[in-house]
Amino acid sequence: MGRYVARRLLQMIPVFLGSTMLVFAMMYALPGDPVRALAGEQTVDPTQIAAMKKDLGLDLPLWHQYWNYLTGLFQGDFGTQIASGRPVADIISESFPVTVRLALFAFIFTVVVGISMGVFAGLKADTLRDRGLLVLTLLLISVPSFVLGFLGQYFFAFQLGWVQPNVSLEANFSELVLPAVVLGSLSLAYVARLTRTSVAENLRSDYMRTAVAKGLPRRRIIGVHLMRNSMIPVVTFLGTDLGSLLGGAVITEGIFNVKGVGSAVFDALRHREGATVVGIVTLIVVVYLAASLIVDLLYAVLDPRIRYA
Amino acid sequence: MPETLKENTADASAPTAAVPAPAVEVGKARSLWSDAWHDLRRSPLFVVSAILIVFLLVIAIFPGLFTGADPRYADLAHHYLQKPKWGNFFQEDWFGYDIQGRSIYARVIYGARASITVAIVVTALVTVLGTVVGMLAGYFGGWIDTILSRVTDIFFGVPFILGAMVVLTSFEERHIWVVILALAFLGWTQIARVARGSVLTIKQADYVMAAKALGASTSRILLRHILPNAIAPVIVVATIALGGYISAEASLSFLGIGLAEPTVSWGVDISSGQEQLRNAPFVLIIPSVMVSITVLAFIMLGDAVRNALDPKLR
């Protein structure tokens, strides 16, 4: 087990380096100049720009800049914004918790509602309620999340007045309910479908028949025997899902005006603030990698037949 | 099914009878596909989605057939946010007018082309690139697999919408090709993983061993034996992904970094409609419904194709 974790952690290193390097290269290889952007429409002495670039280390070749960035990162330094002079770490610590809260909220909603819906339908496969669930999930998958967001905003905020259309700076728990439901709806549909298929399939297995024949209470049969075995594909999906919820939050944040990672990245992109964008994407990649490792370790909990060598 | 049986026996005897390999492979491939086609025609899911998709494609190719109105013609004086007239089927004012006094019906009809073009071209690019990467990684294994799989992991790790944002904001003029290339650049990983997994199982098959023993070249094994047999799961994933790209294009346009005016697309219209959500929700809802119907059609098609190609999943 320990060896397996160590090996997985080692394998993460190239993926981590590669993803940050990819975003870094995209930021720097593409046109646009953060120093030039500082001056706006005014004409600036090119020597002044060159001097400033030299100061910031932006005249170095790409690999050297990346090296400087990485060494800084490992000392806990995310870099500094060029225009505002604020440390990127500040911006991240302001915006990231909001997005994480939103994504976690959406994740919990996905897990609880999605799995319950899936079990509910899977226990009675090919009945009316199962068909109903399939149609519902199909609709949730087809309607893009921003459309759901606008519809939710229109009905719950403008028509019914239950919620505020925009989320305040504090991003309270109650304000995040609607955005989280919108954000989680696509994953919810996938989780419900996966659970439903898995449950329906496992219901026919031998160990289920044995459990019923032993006269175990129904709660135990479903809660322990069926659920534990049916959760493996669902857990696999959920592992990659947390990362994509964090990334997809950008759109939901745009609709409900949440001041999270999305707006921070938007501002940074407009000013070509490479360090900010790379820093935020790096954090999301780390969350994604950690989540997929946890999932792999969860397999052994769910299915003792899986051993790690 | 006697047909399939017959072809399978022909298959088994083929190597000993020294029948040229391609004939055998084509026959086998045909049996899988004709079997799937046989199932598909009977699936209501497929029939409904296929009719919808053909209809949408006709709209995309010949928008002039459905409306005589010009989607860019703006008559602010007469039509500012005029409400839809639901009874006027296929008329210019059927879906009302947007904030610039342009016919929403005409815009929705003409917008189909941009949205569907993006989705189809991205899917084609992603399928080709992903299949090539996945096939090479799966077939050759070893260090080629290690490198290609890590590269796939790297691209998979970058969040899709965020990555697309980084690429797209740096282009002043976001022509349709820029959006297509940005989506394809980040989107190929899923297909590559599916193709790799599929090739890994196929390459153990007897007919691949037989082809190797007969001295078939690597390219021949890959193209004639592995590809036709490994492609089914790829096609399923690609069909479902096609719907996803329709909504990705709309999402990026909504964020203001996808397609932009003067291109007519559903995403562009949804993006401009959000300003009037409160007093004129139809401006946003009508193109949104079109996006949703199109995504739904492709996802249903994907489901139907998966059911037909992989009976185990039923």
Estimated FRET transfer efficiency when R0 is 30 angstrom, pair A:Leu17-A:Thr236 (beta carbons, to 0.05)
0.75
Let me have the 222 nm mean residue ellipticity of chain A computed from DSSP H runs of 4+ only, each contributing -39500 (n - 2.57), with the sum over all residues rounded to the nearest 500.
-24000 deg cm²/dmol
Looking at the range B:164-212, residues buried by 50 Å² or more relative to their chain on its own, accessible surface at probe 1.4 Å, turn out to be B:Met165, B:Val166, B:Ser170
With the dipole of the protein assembly as shown defined by +1 on each Lys or Arg Cβ and -1 on each Asp or Glu Cβ, the option from B:Leu148, A:Pro304, A:Ser263 whose Cα lies farthest towards the positive pole is A:Pro304
Keeping every protein chain present and rolling a 1.4 Å probe, give me the accessible area per residue for the range A:79-213 in Å².
47
If a/c stays under 1.5 just call it rounded; otherwise compare a/b with b/c (prolate if a/b is bigger, oblate if not). Do that for the protein assembly as shown, with a ≥ b ≥ c from the square roots of the Cα gyration tensor eigenvalues.
rounded
For the range B:82-234, what is the accessible area per residue in Å² when the probe is 1.4 Å?
43
Rough spin-label spacing in nm, given labels placed 7 Å along Cα→Cβ, for B:Asn279 and B:Ser219:
6.6
Work from the charge dipole of the protein assembly as shown (Cβ charges, +1 for Lys and Arg, -1 for Asp and Glu, about the Cα centre) and give the residue of B:Asn307, A:Val167, B:Ala164 farthest towards its positive end.
B:Asn307
Please compute the length gained on full extension between A:Gln164 and A:Ala89, using 0.36 nm multiplied by the number of residues separating them and subtracting their Cα-Cα distance.
24.0 nm
In the protein assembly as shown, carbon and sulfur make up what percent of the accessible area (probe 1.4 Å)?
65
Can you give the average number of partner chain beta-carbon atoms within 10 Å of each beta-carbon in peptide A:73-80, as a whole number?
0
Note: B:249-259 gets an average of partner chain Cβ contacts (10 Å, Cβ to Cβ) equal to 3
Ballpark to the nearest 100 Å², how much total accessible area do A and B bury together, probe 1.4 Å?
3600
What average count of beta carbons from other chains do you get within 10 Å of the Cβ of residues in A:145-153?
6
May I ask for the angle, rounded to the nearest 10°, between helix A:128-142 and the longest principal axis of chain A, with both axes built from Cα atoms and the value confined to 0 to 90°?
10
Cα centroid separation - the range A:172-187 against the range A:225-281, whole Å:
13
Counting sequence-distant residues (5 or more places) and residues on other chains, those with an amide H built under 5 Å from that of A:Thr80 are A:Val88
Pull up all non-local amide H partners of B:Val264: gap of 5 or more, or a different chain, and H-to-H distance under 5 Å with H placed in the peptide plane.
none
Calculated FRET efficiency for the pair A:Val301/A:Asn68, C-beta based, R₀ 51 Å, to 0.05
0.75
Calculate, in nm to one decimal, what B:Trp86 and B:Trp37 gain on full extension: separation in residues at 0.36 nm each, minus their alpha carbon distance.
13.8 nm
Theoretical FRET efficiency, 1/(1+(r/R0)^6), r = Cβ-Cβ of B:Phe66 and A:Leu139, R0 22 Å, to 0.05:
0.30
In nm, to one decimal, how far is the modelled label at A:Val113 from the one at A:Gln48, with both set 7 Å along Cα→Cβ?
5.4
When only the heavy atoms of the protein chains count and the probe is 1.4 Å, how do B:Glu261, B:Glu173, A:Glu94, B:Glu249 rank by accessible area, highest first?
B:Glu173, A:Glu94, B:Glu261, B:Glu249
Prolate/oblate/rounded label for the range A:221-309 (Cα gyration tensor, a/c 1.5):
oblate
Do any chymotrypsin sites (Phe, Trp or Tyr not before Pro) in the range A:106-186 lie in a loop, going by DSSP, with at most 16 other beta-carbon atoms within 10 Å of their beta carbon, and if so which?
A:Trp162, A:Phe173
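The values are calculated or read from the model by the stated rules, or taken from the named source; none is laboratory data. Note that the structure is a prediction, hence the values are computed from the model and not measured. All Cβ positions, glycine included, derive from the backbone under ideal geometry; neighbour counts span all protein chains shown. We work out accessible area using only protein heavy atoms, side chains counted, and drop any ligands, DNA or RNA first. Shrake-Rupley method; radii C 1.70, N 1.55, O 1.52, S 1.80 Å.
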